[in-house]
1. If you bin every alpha carbon distance in region 181-292 into 10 Å steps from zero, what whole percent lands in each bin?
2. Taking the simple approach of a point 7 Å from Cα along Cα-to-Cβ for both residue 301 and residue 5, what is their distance in nm?
3. Within region 132-147, what residues put their amide N at less than 19 Å from the label point 7 Å along the Cα-to-Cβ vector of residue 157?
4. Give me the mean projected area, in nm² to one decimal, of the convex hull enclosing the Cα positions of region 248-341.
5. With a sphere of radius 10 Å drawn around the Cβ of residue 238, what net charge do the other residues whose Cβ falls strictly inside it have (Lys, Arg +1; Asp, Glu -1)?
6. May I ask for the Kirkwood hydrodynamic radius of region 176-228, worked out over all distinct Cα pairs and given in angstroms to one decimal?
7. Can you run phi through the Karplus equation (6.51, -1.76, 1.60; θ = phi - 60°) for region 278-289 and list ³J(HN,Hα) in whole Hz, with x for Gly and Pro?
8. Using just the helices of the chain, give the 222 nm mean residue ellipticity in deg cm²/dmol: DSSP H runs with n ≥ 4 each add -39,500 (n - 2.57), and the total is spread over all residues, rounded to 500.
Amino acid sequence: MSGLTDPIIREDVEQIQKSIDAEAFRGKSVLVSGGSGFLGSWICDVLSQIGSRIICLDNLSTGVFENVEHLKGTKGFEFEKADVCTYSRNPKVDMIFHLASRPAPEDYQKHPVETALANSEGTKQMLELARKHDSRVLFASSSEAYGDPEVFPTPESYEGRVNPLGPRSCYEEGKRFGEALCKAYHDQYGIDVSIARIFNSYGPRLRAEGFYGRVVSRFILQSLNGEALTVFGDGSQTRSFCYVTDTVSGLLSQIGDEERSGDALNLGSEDETKIIDLAKKIIQFPPARSALRFLPFPPGDHLRRQPDITRARKMLGWEPKVGLDQGLSRTAKWFSKPRVQ
């Protein structure tokens, strides 16, 4: 596979290709906003191998160019540094993946305006582009659209419990408004748009450092560095962790299914894991010399996350294939080696 020299990513991209209908993307023109981010870069890799023409749009506020640098010079791949909120080009594309946003709470709480606008004005820009060219759109929403839910597992029909003035509102309400805007464009203009409510995803390329760090990658990096793993609260809060190959397969399957227009689907693992149990798993990885350090529970954080994926299973034939232990092992292996793409 040209351009992919990292064996873990190469193997995982191959698995994604086997799990989807590649013909739905072959020869198609695709714009990926947030394309140098975690999930966006994986989508670019898969589409590049299939033979799609790709515009990777990213302002690099949280995305990392190194995630797609290996695609530079690849036939059909174009990187465009631009802000999705002010995007003014008019490329004719068949599909749009709108993933551009700031997904890490510590980061988006420092940039609430940019976060809210990426999911509102940025979504409008992508929908207007789709309107001009009759493009299909997939909006990457989030489990955060449910806020602090009271129903578990949480189905798509659950309307959410969100504090519009809370510390996470710029992201939660941003995603909710992005969904509403997608539905409005679908109803008023007939735009072919689908919504993916993505639950916690992890794997190679998930940023670990500073304000961008997510819990799996942060724990792994702390463990590798012999540092204490930082657990917020007592660690009894849960998340449902889905390995990147499963998430990306779900996203590609969803946009590739012409019958899903106007739908919202949960994409995630049904298995809940306590954060303290996640830490105990990772703390055993070599060099296994770390301890745990407990910090105050962040204001506005949520206690549980567990999706009901009945609809995705029924409509797409999709469900996660990679168990947590296997996914963590692959992720830790990737983080522990010098990385080339």
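1. Once binned at 10 Å, the Cα pair distances of region 181-292 give 13, 34, 26, 16, 9, 1.
2. 3.9 nm
3. 146-147
4. Across all orientations, region 248-341 yields a mean hull projection of 9.0 nm².
5. Values: positive: 239, 274, 304, 305; negative: 271, 272, 277.
Combined, the nearby Lys, Arg, Asp and Glu give +1.
6. The Cα-based Kirkwood calculation yields 13.9 Å.
7. With the stated coefficients, region 278-289 comes to 4, 4, 5, 5, 6, 5, 7, 5, x, x, 6, 10 Hz.
8. On the way: 11 runs with 123 residues, N = 341.
Only helices count here, giving -11000 deg cm²/dmol.
Bear in mind these aren't lab numbers, they're just calculated from the coordinates by the rules spelled out. Since the model is a prediction, treat every value here as computed from it, not as a measurement. A quick note on method: Cβ atoms are made from the backbone with ideal geometry, for glycine too, and the neighbour counts reach across all protein chains shown.
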